C-alpha cells in the first residue's frame, strides 16, 4: 500500500499537478498552457462529471489520441446519454470523423439539453462553436462555419455582464477563429475579437498568440513577435507561444536562440519523450541527417501516434535533404494527415511538392500541392516564389503547358507584372509547349499592358497564325492589322520585317478571301516599302502589277502573299535581373 501511494505521488509530480489542484478550471488552464498530460490527470480524477469528460475529450484530441477520446466519451454517454457537455464532445468527434450531419444533430441536442429559462447556456454555445471553428478547415471545410459564428456571437451576448472573465475570453477567441474561417484573408473582425478577449482576461495568452498569427500570415514578423512576447508576459508558462518563437528562430537561422527557447519549452512542459524532439531538430540543423532520423524514429517508437505532427515533418525533410525523397514520402503524408490545417505554414506545401516531385507518377499531386500552398499564403511575395518554384519543376519535366499555368498565375497576382513575366508565361512556357491559344491570351494582355512595346503585337500575331490561320475566329487579321499599325511607327530593328510579314498576310487575305482589291493593294504597298531585299521588292512589285489588272477574285492563297517568307524575328527578350527588359 505504501509503495502504491508513493508511485501515485510520483506520477502526480511528474505531471506537474499539485495534489490539491483538483478543479476542472485548473485542468482547463493547464490544457490551454500546453500541459496536456497534467490536464488529463485532473480531468480523469473528475471522471464522474460530464464537464470533466468533455475537457478530457478535448485533451485527448489535442494529444492526437482520438481513440482515447472516443473511449472516454462512450463510457460517460452510457451513464448520461442526454448530457449537454457530452453531446457537444460527441459532435466534435463526429466532425473529426467526417460526419457533419450527425454532428449537427448532436450540437442541436446539446443546446436543447442546456437551454434554461434565460436561454442557451453560453458554455455549451461556446463548446459547439469552438468545435466547428477548430475542425472546419481540417476536414474539407466540414460543418457550418456560419452556424459556429452565430452560436459564438450568441455566447458573447450572453456573457456581456459575466464575472467569469476566462469563459468570456475563450468565447471571444473562438469567435475570432470562426471569423477568420468565415472570411478568409480578412483578419479585421478576428483581430477585434482577439483584442476583446485579452481586454476581458489579460492572462488569456492564447488570444495574443492568435492575433500574432494574423500578422504572421501577412508576413509582418515584427508584430507577430510582439504578440508572442505579450502572450509570454501574460502567461510565462504558455508553451504554445514559446513553440511559435522557437519555430520563428529556426526559420530565421537563429539556432542558438532557438535552443535557448527550447530549454524554456522543456522547463514548462510535461516530462515526456517528446522533449527529445529538440535534440533531433538540432541534429537536422547541423546537417547530421542520419542522427536526426535516428533520434526522431526513437521518439516515434516510444510515443507512437501520440507524437506531434511536426516530428513527421522533421523526418521527411531529413530524408529529403540527405537525398532520399522516396523514404520521405510516408512521413510527409503522415504529417499532412495529422497536422491541424490552421498550423500549416505555406512553406509546408513546398515539402509536399518536393517529395511528390521526386516520386514518379505524382505530377498531379505536385500541382495540387502548389495550389494548396497558394491558398495558404496571403502575401504576394510568398505566392510568387511558390509559383516560380512550381514553374521550374514543370519546366524541368518539359511540361510546358503546366509551367505556363503557374506563370500565368503570377500575372494575376503581381500588381505590376513586368515584360519578362509576360514573356516567360507566353513564350518560354505556352509557345514552347504549342499551347498557342493560351500563349495568344498572354500576349494579347501584354500589348494592352505595354502598348509601346512590340512583343505583344508580334507574338499575338505569331500565335494566331497557328490557331486561327484562316481567320475563322476573326483573330488573325485584326492581329496582323495591329502589328502593321504598330510597326509603321516602331523604331526597333525588326520593325520593317514585322510590317512586311503582317502586310503580306493581309494582302493575300483581302485579295483572295474578301475580293477587296483596294485594301489588298494597300497592304501590298506596305509590304513593298518594308521588303527586306531588292529581290523581294521586285517580287512584291510584280504582285502589285498583277493585282492592279485583276477584275475577278484570284485563287485562295495560304495566308501570305505568294512567294513571300515568314521572316519575323523569333528572338525572345533577354532576361534582366532587375525585372525590366533588355
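The values are calculated or read from the model by the stated rules, or taken from the named source; none is laboratory data. Keep in mind that what you see is a predicted model, and the values were worked out from it rather than measured. Virtual Cβ from ideal backbone geometry, glycine too; neighbours counted across all protein chains shown.
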task: Take the stretch 161-202 and flag every residue that is surrounded by fewer than 16 Cβ atoms within 10 Å (Cβ to Cβ) and assigned to a loop (DSSP other than H, G, I, E, B).
output: 161, 162, 163, 164, 183, 184, 185, 186
field: Number of positions in the stretch 280-301 that are under 26 Å from residue 40 (Cβ atoms) and surrounded by fewer than 16 Cβ atoms within 10 Å (Cβ to Cβ)
entry: 3
message: I'd like the full set of residues that are over 28 Å from residue 381 (Cβ atoms) and not in a helix (DSSP H, G or I), limited to the stretch 314-369.
response: 322, 323, 324, 359, 360, 361
field: Given (1) at pLDDT 95 or above; (2) surrounded by 18 or more Cβ atoms within 10 Å (Cβ to Cβ); (3) out of contact with any helix residue (DSSP H, G or I) (no Cβ under 8 Å at 6 or more places or on another chain), number of the condition residue 217 does not satisfy
entry: (1)
- request: List the number of the failed condition for residue 485; all other conditions in (1) modelled with pLDDT of 95 or more; (2) surrounded by 15 or more Cβ atoms within 10 Å (Cβ to Cβ) hold.
  value: (2)
task: Quickly run through the stretch 470-482 and pick out the residues that are in contact with a helix residue (DSSP H, G or I) (Cβ under 6 Å, 6 or more places away or on another chain), assigned to a loop (DSSP other than H, G, I, E, B) and either at positive phi or surrounded by 23 or more Cβ atoms within 10 Å (Cβ to Cβ) (or both).
output: 471
- prompt: Could you say which residue among 76, 127 is part of a helix (DSSP H, G or I), touching a helix residue (DSSP H, G or I) at 6+ places or on another chain (Cβ under 6 Å) and either surrounded by fewer than 19 Cβ atoms within 10 Å (Cβ to Cβ) or in contact (Cβ under 8 Å) with a residue 60 or more places away in the chain (or both)?
  reply: 127
- request: Looking only at the stretch 256-270, decide whether some residue is within 20 Å of residue 216 (Cβ to Cβ) and surrounded by fewer than 16 Cβ atoms within 10 Å (Cβ to Cβ).
  value: yes
query: Consider residue 415 against the criteria (1) more than 21 Å from the chain's Cα centre (by Cα); (2) assigned to a loop (DSSP other than H, G, I, E, B); (3) under 24 Å from residue 446 (Cα atoms): it satisfies all of them except one. Which criterion is unmet?
result: (1)
- line: A careful count of residues in the stretch 241-266 that are within 22 Å of residue 211 (Cα to Cα) and outside any helix (DSSP H, G or I) gives 1
- request: Please find, among 385, 397, 414, 434, the residue that is surrounded by fewer than 20 Cβ atoms within 10 Å (Cβ to Cβ) and modelled with pLDDT of 95 or more.
  value: 434
message: Quick check on the stretch 432-444. Is at least one of its residues touching a residue at least 12 places away in the same chain (Cβ under 8 Å) and over 23 Å from residue 392 (Cα atoms)?
response: yes
message: So, in the stretch 231-245, how many residues would count as being free of Cβ contacts under 8 Å to residues at least 24 places away in the same chain and surrounded by 15 or more Cβ atoms within 10 Å (Cβ to Cβ)?
response: 1
- prompt: When you look at residue 458, is it surrounded by 18 or more Cβ atoms within 10 Å (Cβ to Cβ), in contact (Cβ under 8 Å) with a residue 40 or more places away in the chain and either under 12 Å from residue 501 (Cα atoms) or assigned by TED's automatic domain parsing to the domain that holds residue 513 (or both), yes or no?
  reply: yes
message: If a residue must be over 46 Å from the mean Cα position of the chain (by Cα) and part of a loop (DSSP other than H, G, I, E, B), how many such residues does the stretch 486-520 contain?
response: 4
statement: Among the residues of the stretch 79-98, the number that are assigned to a helix (DSSP H, G or I) and touching a helix residue (DSSP H, G or I) at 6+ places or on another chain (Cβ under 8 Å) is 13
query: Can residue 207 be described as under 15 Å from residue 235 (Cα atoms) and part of a helix (DSSP H, G or I)?
result: yes
task: Only residues in the stretch 93-105 that are more than 16 Å from residue 129 (Cβ to Cβ) count as the first member; pair them with residues that are exposed (fewer than 14 other Cβ atoms within 10 Å of the Cβ), Cβ under 9 angstrom, at least 6 apart or cross-chain, and list the lot.
output: 98/140
